[in-house]
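Asks: Dropping the structure in here first, questions after.
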Amino acid sequence: MLLCSPLVLAAPAAAAEVCVATTTPCPVHNAATLAAALDAAEALPGDDTVRVGPGTHTGPFSYGGGGALTLVGEGIGTTVLDSTTNQVLGGIGTAVTVRDLTVRASDAAASTGVNLAGGTLERVRVEGGQRAVLVAGGGTLSEVEIDTRAGTALRVNGGTPTIRRSRIVGGVYTADEDLTMVDTRVERDGIDGGGPSASVTLRNVLIAVDGPQEPGLRLGNGAIDADHVTVVHRGGAAPGTPGVHAAPGATITLESSIVSGFPVSLKREASNDPVGTTDLFVRRSSYAFDRVVDVPGTSGGVSELGPGNVDAESGFVGAGDFRLRGDAAQVDRGMLTGITALELGGFARTVDGDGDGEAHTDMGAFEYRRLAPVVTLQAPATALAGQPVALAATASDPDGDPLEYAWSFGATGATTTHAFAAGTQLVTVTVTDAGGRTATASAVVDVAAPAPVPTPLPDAGGTPTGPSGPPADTTKPALTKLKVAKRRFTPSTTKPARAAGGELRLTLSEPARVTLRLERKRGKRWVAAPGSRSLDLPAGTSAVRFRGGLGRRLTAGRYRLVATPVDAAGHRGATKRLDFTVVHPRA
């Protein structure tokens, strides 16, 4: 029992609420210190609530009452508990719930932030400590942040704790005990442990480690059942460091998961000691096939790799973002339906990510949502014919996919310039993400014809003296260059209507509309082929994407591109032709 400050109590009631420096005092029970409030709650009958106000409250603190207790702060970072000893908060038994506060432990040897013996932590941040949270008798951690500067963030010495929707920085160790972890991120250090009774269950868990010799997931003896887990090394792993390590006597089952960034993806290590078999089962998961190590031993066991595994390491959106891109090999390659309804990000677990009409789960902790990008277009309202204007598209993708931009006049990229012909012109930009979803934005540009160029009027002697109008345009546009980076095209196996191509470059003597059409070689003759396109291009050299076709699928054969320029005055320039070949990949 801790000593308490003087407290005036009202008549006992079935339950009580005690306040300590709260923004709004309690109606009846108010204590000068948290230690006094906990002592008062022990003395009061029934289930009690202790409310703790802003500021730092120095302990240690513990509760030994017989009734249920709820210890509530005014928010993480607002209410802070610390201690002058090696433990901040203890006695968190099965009837105790702690929520909405920060526990700050020292970094001294054997220091502990919270000693959990069956109780519940909700919306709590635990900082520091050699063992930030020590689980001695089970319990529940929900929406908890644990960040230890050194040592182990969470150590399980007893009971069967459950961790949900939490973030743990500093590693997890279980000593021959059960552990269930759902919708949780483990960072810096991985999950480790051992003991014949250890049983670890993981669902929608991200394990992202940094230490050069730190494995992502390791167990010696006991069993791990990991479903939809992403295990990654964020860089600097030492040679031989495994992502998943079944140490002697362990059984690890990996389902619909990803292992990435480790010199050794999977390691099964049998033993010559009688510790039991060592088994590793990996199904519908992604890892580098050439980075699997199997260490034999007399204790026996198996490495069963498959079915449905994918030889791929990444497919992530980017550094530190371990969601999958739309073109990742792991999309829709997991089990048919998820064990949980939601993935780590809180979205639906089972989505038709590849758009084939059949929904499967993805591999890893996150599910690709297949959402379309969003784009806006900035263009001037007015322009002068033949004068280049700046155009800019601003796009984002809710899935984090990389984006490609295509403009209606053939340009690519998020920004470009273009010279329009006179008249009301509609400009459109189309954005395509890695999953093939598109979004478009359009703008109308009112393009005025150039002002008339004055011509002199003749005087009495027939000499021009004043303006009368522009001179007639008598010059035909000249298409002086028509080149493409490659002359041999192979259609994509995933988008057969389009071919992987290069860049078409055209050089014009003046602004003109260039009409492109195709011809195909039939014996000794050239005949018209499907597809055509018109491009409004400025004077000078322009570059447009060319994939070997003009919006229509081409069969294998010899083709040529026919380009004809026409200027604003209607003058048609000389036609140029460019030969190319379409070949189909071998089956």
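The values are calculated or read from the model by the stated rules, or taken from the named source; none is laboratory data. This is a predicted model, so every value here is computed, not measured. Cβ: placed from backbone, ideal geometry, glycine included. Neighbour counts: every protein chain shown. Surface accessibility is based on the protein's heavy atoms, side chains included, excluding ligands, DNA and RNA. Shrake-Rupley method; radii C 1.70, N 1.55, O 1.52, S 1.80 Å.
Asks: Determine the relative contact order of the chain: mean sequence separation of Cα pairs under 8 Å and six or more apart, normalised by residue count, in whole percent. Don't jump to the answer; show the numbers that get you there.
Replies: Numbers: 1856 pairs, mean separation 31.2, N = 587.
Worked out over the chain, it gives 5 percent.
Asks: Report, as a whole number in µm² per second, the diffusion coefficient that Stokes-Einstein gives for the stretch 329-406 at 4 °C and 1.567 mPa s using the Kirkwood radius over alpha carbon pairs. Show your work: numbers first, answer last.
Replies: Working: Rh = 15.1 Å.
Rounded to a whole number, D works out at 86 µm²/s.
Asks: Pop out the ³J(HN,Hα) list for the stretch 74-84 in order, Karplus 6.51 cos²θ - 1.76 cosθ + 1.60 with θ = phi - 60°, rounded to Hz; leave Gly and Pro as x.
Replies: 9, x, 4, x, 8, 9, 10, 10, 9, 7, 8
Asks: For the stretch 218-224, what does the Karplus curve 6.51 cos²θ - 1.76 cosθ + 1.60, with θ = phi - 60°, yield as ³J(HN,Hα) per residue in whole Hz, taken in order and with x for Gly and Pro?
Replies: So the J values, rounded to whole Hz, are 9, 8, x, 6, x, 9, 10.
Asks: Report, in degrees rounded to the nearest 10, the 0 to 90 angle that the Cα long axis of helix 34-43 makes with the longest principal axis of the chain.
Replies: Tilt of helix 34-43: around 60 degrees.
Asks: Under the definition of Cα pairs under 8 Å and six or more residues apart, what whole-number percent is the relative contact order of the stretch 202-289?
Replies: Details: 250 pairs, mean separation 25.0, N = 88.
Dividing the mean separation by the residue count of the stretch 202-289 yields 28 percent.
Asks: Give the percent of DSSP beta bridges with both residues in the chain that are antiparallel, rounded to the nearest 5. List each step's numbers first, then the result.
Replies: On the way: 72 of 198 bridges.
DSSP beta bridges in the chain are roughly 35 percent antiparallel.
Asks: Taking Lys481 as the anchor, which aspartates and glutamates have their alpha carbon closer than 17 Å to its alpha carbon, excluding any fewer than eight residues away along the same chain?
Replies: Hits, sequence-local ones excluded: Glu503, Glu510, Asp536, Asp567, Asp579.
Asks: On to the next question. Under a point-charge model restricted to the Cβ atoms of Lys and Arg (+1) and Asp and Glu (-1), what is the dipole moment magnitude of the stretch 44-158 relative to its Cα centre, in debye to the nearest 20? Mind dumping the intermediate values first?
Replies: Numbers: 8 positive and 11 negative charges, 46 e Å.
In debye, rounded to 20, the stretch 44-158 gives about 220.
Asks: Please report how far the C-alpha centroid of the stretch 513-582 lies from that of the stretch 313-335, rounded to the nearest whole angstrom.
Replies: 38
Asks: Per-residue ellipticity at 222 nm for the chain, helices alone: DSSP H runs ≥ 4 residues times -39500 (n - 2.57), over residue total, nearest 500 deg cm²/dmol?
Replies: -500 deg cm²/dmol
Asks: What shape does the stretch 151-206 take by its C-alpha gyration tensor, where a ≥ b ≥ c are the square roots of the eigenvalues and a/c under 1.5 counts as rounded, a/b above b/c as prolate, and the rest as oblate? Before the final figure, lay out each step's value.
Replies: Values: a/c = 1.90, a/b = 1.30, b/c = 1.46.
It is oblate, given that a/c is not under 1.5 and a/b is not larger than b/c.
Asks: Under 20 Å Cα to Cα from Lys486, which lysines show up? Leave out anything in the same chain fewer than 8 places away.
Replies: Lys495, Lys521, Lys576
Asks: How many percent of the alpha carbon pairs in the stretch 365-424 exceed a separation of 17 Å?
Replies: On the way: 877 of 1770 pairs.
Considering the stretch 365-424, 50 percent of its Cα-Cα pairs are separated by more than 17 Å.
Asks: Moving to a separate point now. Report, in whole Å, the centroid distance computed from the Cα atoms of the stretch 58-110 and the stretch 212-235.
Replies: A separation of 30 Å, based on Cα centres.
Asks: Among Val80, Gly386, Ala406, flag the residue with its Cα farthest along the positive direction of the charge dipole of the chain, charges on Cβ as +1 for Lys/Arg and -1 for Asp/Glu.
Replies: Gly386
Asks: Run the 1.4 Å probe and let me know the accessible area of Ser408, rounded to the nearest 10 Å².
Replies: For Ser408, solvent-accessible area is about 60 Å².
Asks: How much of the accessible area of the stretch 93-139, probe 1.4 Å, is carbon plus sulfur, in whole percent? Provide the component values of the computation, followed by the final result.
Replies: Working: 610 of 1340 Å².
Carbon and sulfur: 45 percent of the exposed surface of the stretch 93-139.
Asks: Could I ask something else about it? What are the ³J(HN,Hα) couplings of the stretch 398-408, residue after residue, when phi is run through the Karplus curve with 6.51, -1.76, 1.60 and θ = phi - 60°? Round to Hz, x for glycine and proline.
Replies: x, 8, x, 5, x, 10, 10, 10, 9, 9, 5
Asks: Enter the accessible area of Lys576 (Å², nearest 10), with the probe set to 1.4 Å and all protein chains included.
Replies: My reading of the accessible area for Lys576 is about 70 Å².
Asks: Can you list the residues, at least 5 places off or on another chain, whose amide H is less than 5 Å from the amide H of Thr58, using H built in the peptide plane?
Replies: Asp82
Asks: Relative contact order for the stretch 339-410 using alpha-carbon pairs under 8 Å, separation at least 6, rounded to a whole percent?
Replies: Numbers: 83 pairs, mean separation 15.6, N = 72.
22 percent.
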